[in-house]
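Worksheet for the structure shown next.
The values are calculated or read from the model by the stated rules, or taken from the named source; none is laboratory data. What you see is a predicted model, and the numbers here were worked out from it, not measured in a lab. Every residue, glycine as well, gets a Cβ built from its backbone with ideal geometry; the counts of neighbours run over all protein chains shown. Just the protein is used for accessible areas: all its heavy atoms, side chains included, with ligands, DNA and RNA removed. Shrake-Rupley method; radii C 1.70, N 1.55, O 1.52, S 1.80 Å.
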Amino acid sequence: MNPTYLMPAAPTGPVPVPVPAAVRFRAACPDCRGRFELASGALRLAIGATSRTTFYTFTCPECAAPVRKPAGERIIELLTGGGVRTLRLHATP
């Protein structure tokens, strides 16, 4: 008997890129100077029309202070690739 080989079907449409659940980001708190690692769920990214309105936020796990830091192109790329929730800000006319 001849063996039958099954081939996977060709994907149709965009293929989602899996993000490992263990993605962690290094961060620091400007208030208590603590350094720690955060899971992607602990961060939020806001992308605005300018560099002043593009930032990421998190809550310091050591002192509970809210932290807001600017996000350049590289930071945006890393955070979105790591599964961080993103909010796109729109300017009102």
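Scanning for something touching a Ser or Thr at 6+ places or on another chain (Cβ under 7 Å), modelled with pLDDT under 95 and open to solvent by less than 70 Å² (accessible area, probe 1.4 Å), does the range 29-42 turn up at least one residue? No. When the criteria are applied in full, Gly13 meets the requirement of being outside any strand (DSSP E or B), open to solvent by less than 60 Å² (accessible area, probe 1.4 Å) and modelled with pLDDT under 85. Going through (1) within 21 Å of Ala22 (Cβ to Cβ); (2) modelled with pLDDT under 95 one by one, Gly48 falls short only on (1).
If a residue has to be part of a helix (DSSP H, G or I) and closer than 18 Å to Gly41 by Cβ to count, how many in the range 52-81 make the cut? Qualifying residue count, the range 52-81: 6.
Yes or no: Arg88 out of contact with any Ser or Thr (no Cβ under 7 Å at 6 or more places or on another chain), more than 17 Å from Phe25 (Cβ to Cβ) and open to solvent by 40 Å² or more (accessible area, probe 1.4 Å)? In short, yes. For the range 60-79, residues that are open to solvent by 80 Å² or more (accessible area, probe 1.4 Å) and closer than 14 Å to Phe36 by Cβ total 2.
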